[in-house]
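Notes to accompany the following structure.
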Amino acid sequence: MTQIYERIQELRRKYPQSRSAVMDALRLAQTEHGGWLPPEALREVADALDVTPAYCHSIASFYDMYHLEPVGKHMVEVCTNLSCALAGAQAVLDAFAHELGVRPGETTDDGEMTLRAIECAGGCGRAPVVVVDHVYHEPLRPEDVPGLLQELRGRE
Amino acid sequence: MDANNPILLMAGTQEHDLTRLDEYRAVGGYKALERARALEPQAVMDEISAATLRGRGGAGFPMGRKASLLAKGTGKPTYLVINADESEPGAFKDRDVLRMTPHRLIEGCLITAHGIGSKSVFIYIRGEYAHEFDVMRDALEDARTAGLLGGVTIVLHRGAGAYICGEETALLESLEGQRGQPRPRPPFPPVNGLYGAPTQINNVSTIALVPKIIELGAAEFSKIGVPSAPGTAVFSLSGNVAEPGNYERQLGTTLRELIYDVAGGIAGGRELKAVIPGGSSVPVLTPAEIDTPMDYDSIQAAGSFFGSAAIIVVDDRCCMVQLALRAEQFYMHESCGKCTPCRVGTRWLVQLLTKIEEGRGDRSDLDLLEGVCDRMLGKSLCALGDFAVYPVASYLEKYRGEFEAHVDGHGCPFGGASSIEGTFAPSDQHAPNLAETVHA
Ligand SMILES: Cc1cc2nc3c(=O)[nH]c(=O)nc-3n(C[C@H](O)[C@H](O)[C@H](O)COP(=O)(O)O)c2cc1C
Ligand code: SF4
């Protein structure tokens, strides 16, 4: 907690006005809280930036990369925007849903993996694009899905 | 330099690892900065203006003219902000600049900062570009250690997933720690931008071209491309082409050359059906229109926009109603909700397109689709409100027969066999269910 506080003070110093650090601060708090922002994380950020938790919530809810609900240990994101769709993204999303037994937006019962469909990730030239824990896999084909999941499950 | 195919932005990236400062210097990197710093700031800006460098981020506004609008003598600092939010569907050109030639962008920032008298630069990088952020951070550290910054601070700011933050005033709001919602204009950023101070905003690829302009001089630079838009652009080809990817070519290269000569034609030898030339936000072109040169004025004369030079190629297996629906789901998801036509209109269009695709529509729904588009176009605070209209209105206009077949035949004429059949959109996402299942 105090450690987050100190690190957010450092982020504040990057900017002429400290509120600009709210996005960095939320990202930091999210990482520290296992990939999502529980109410106490919003309070910590608010304290460190001299804003209110409601303010932090209004920011966190605006951007897709902040999560206000718990997520799995690993995040699997499949782009289904136009270029990826034309390259067969739906079959990739289906393969993940089938292997994991969840629908897009859901987390496996063991809390290991969250599956999400996402908008264009900027990898259209190597579509279909899958982003796993912020690392791009491009292109990823349906037949690559079981191996990738196996590798992820073995990873700590 | 190959006179027929000059490479400016990505020069040297094939042969060298330009993420390394020593290698960038070995190809002449930071020499233009040295030359620029020996010049009066106005002389630097005059060179950029003479080169008619037009913005590569979407609107194609001349960079030099934008800089001439910067308010002077305000007693406030002047800021330079680089738009690296790149989230336009189909666009991935800036990503290659960031990850393959970060020093060219840094050098462009430093030259421009000298030209406009700024000591403070912000680079807004979309949150998903984590690797690109790391590359930029390391390159910046190397430039700083080498003493190249010359008293200028460059701050890397990370986004967190919001297409609208690519719109310049939404980007400024986001950079100030607010929700990324566009500002009413005027005042425009050159007068009242970041923290209320005069601000120059440019796209990554615009700024990364600046060192080449100083190196070559405006006269040489202007020999490349077309007179109304000199230079090159990195064209992002995606969709159903045989060899998708980024290709740097002169402005004025035709869509036909880009699709067939550069990207290997249509994958699997299929038929070309549609080309979206500037990212999903611009009107579609038909195969009959692909002799159009890709430069701002020519593509606009053909009824579309240059956008971010992101060319999405669609073959004959794709249902245009499904394509319009998937595009519109994106705009609905990304609408910031500030203005009614955009907030309500995008939702309405998604509902109408769903109804038509599912065979529940009739001819009056096609008129309604047009009517909703008319009521949205030009009626919103920012261009997203128009971007949300172009796919629907232009697909309907140019592929009307296919829309009519959906309503007349009470179902999709592709009968479940369209190439993008059943594509799931993030706007349909359920909230994660882990709340109940997480282990205590
Ligand atoms: C919804 C929307 C999204 C945009 N996204 C981007 C973007 O990702 N990158 C970009 O450079 N410009 C984007 N723009 C255009 C910017 O508002 C602005 O015109 C541009 O950054 C100016 O830079 P330039 O003159 O160098 O092109 C977007 C505009 C709108 C309306
Ligand atoms: S047009 Fe749409 S995205 Fe733009 S400000 Fe209005 S509601 Fe927001």
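The values are calculated or read from the model by the stated rules, or taken from the named source; none is laboratory data. Not measured: the values here are computed from a predicted model. Heads up, the Cβs are rebuilt from the backbone with ideal geometry, glycines too, and the neighbour counts pull from every protein chain shown.
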Verdict on A:LEU82 being facing chain B (nearest Cβ under 7 Å) and either over 20 Å from the mean Cα position of the chain (by Cα) or touching a residue at least 60 places away in the same chain (Cβ under 8 Å) (or both): yes
Test set (1) outside the structural domain of A:ARG116 (by TED's automatic domain parsing); (2) part of a helix (DSSP H, G or I) - A:TYR15 fails condition number: (2)
Which listed residue, of B:VAL313, B:VAL321, is under 29 Å from B:VAL97 (Cβ atoms) and either touching a Lys or Arg at 6+ places or on another chain (Cβ under 9 Å) or away from ligand 1 (no atom under 16 Å from the Cβ) (or both): B:VAL313
Enumeration of residues in segment A:103-124 that are of a type in the set (A, V, I, L, M) and within 8 Å of another protein chain (Cβ to nearest Cβ): A:ALA117, A:ILE118, A:ALA121
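Residues to consider are B:ILE299, B:ILE276; find the one that is away from ligand 1 (no atom under 14 Å from the Cβ) and assigned to a strand (DSSP E or B).
One residue alone meets the criteria, B:ILE276.
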Among (1) within 16 Å of ligand 2 (Cβ to nearest atom); (2) within 11 Å of another protein chain (Cβ to nearest Cβ); (3) of a type in the set (A, V, I, L, M) - the single one B:VAL344 does not satisfy: (2)
Test result for A:VAL71, touching a strand residue (DSSP E or B) at 6+ places or on another chain (Cβ under 7 Å), more than 8 Å from chain B (Cβ to nearest Cβ) and of a type in the set (A, V, I, L, M): no
Residue in segment A:87-97 that is facing chain B (nearest Cβ under 9 Å), among the β-branched types (Val, Ile, Thr), in contact with a Pro (Cβ under 8 Å, 6 or more places away or on another chain) and crowded, with 20+ Cβ neighbours inside 10 Å present: no
Failed item in (1) within 12 Å of chain A (Cβ to nearest Cβ); (2) within 19 Å of the chain's Cα centre (by Cα); (3) of a type in the set (Ser, Thr, Tyr), with B:THR169 passing the rest: (1)
Odd one out for A:LEU93, checked against (1) assigned by TED's automatic domain parsing to the domain that holds A:LEU148; (2) in contact (Cβ under 8 Å) with a residue 40 or more places away in the chain: (2)
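Go through the residues of segment B:273-295 one by one and say whether even a single one is under 30 Å from B:LYS31 (Cβ atoms) and crowded, with 22+ Cβ neighbours inside 10 Å.
Yes, segment B:273-295 has at least one match.
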Test result for B:ALA113, farther than 30 Å from A:ARG126 by Cα, out of contact with any helix residue (DSSP H, G or I) (no Cβ under 7 Å at 6 or more places or on another chain) and buried (at least 22 other Cβ atoms within 10 Å of the Cβ): yes
B:ASP85 under 19 Å from the mean Cα position of the chain (by Cα) and within 16 Å of ligand 2 (Cβ to nearest atom): yes
Wholly within segment B:2-109, helices (runs of 4 or more DSSP H) carrying at least 1 residues that are closer than 25 Å to B:ASP138 by Cα and in contact (Cβ under 8 Å) with a residue 24 or more places away in the chain: B:21-26, B:31-37, B:93-100
